[in-house]
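Here the structure comes first, spelled out in structure tokens, and everything after it is commentary.
Laboratory data are not the source of any read-out in this text; all were calculated from the coordinates shown. Just so it is clear, the model here is predicted, and its values are computed rather than measured.
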Amino acid sequence: MPKYYEDKEEDGRACGGVREDLRQCLLESPCVLQENKSPKQCLREGHCRSLQVTFFACKRSMVSVK
């Protein structure tokens, strides 16, 4: 379930809510907290995969011409 609600700062960028959720997911993952890896490394290893796919789909919809 998304964690992006009114109490967070306003992000004017496209897909800002999903971006924030993905960032939080990575920063709170055991990969970052316990293994001391960078969020970028954890993303490559497949952590927070569903949010990554959702973010990609959101960004893709911004440029999709139908």
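Gain on full extension, evaluated as 0.36 nm per residue between residue 56 and residue 23 minus their Cα-Cα distance, stands at 10.5 nm.
Determine the gain in length on full extension of the stretch residue 13-residue 45; use 0.36 nm per residue of separation and subtract their C-alpha separation, reporting nm with one decimal. Provide the component values of the computation, followed by the final result.
Details: separation 32, 0.36 × 32 = 11.52 nm, distance 2.61 nm.
Extra length from residue 13 to residue 45 when fully extended: 8.9 nm.
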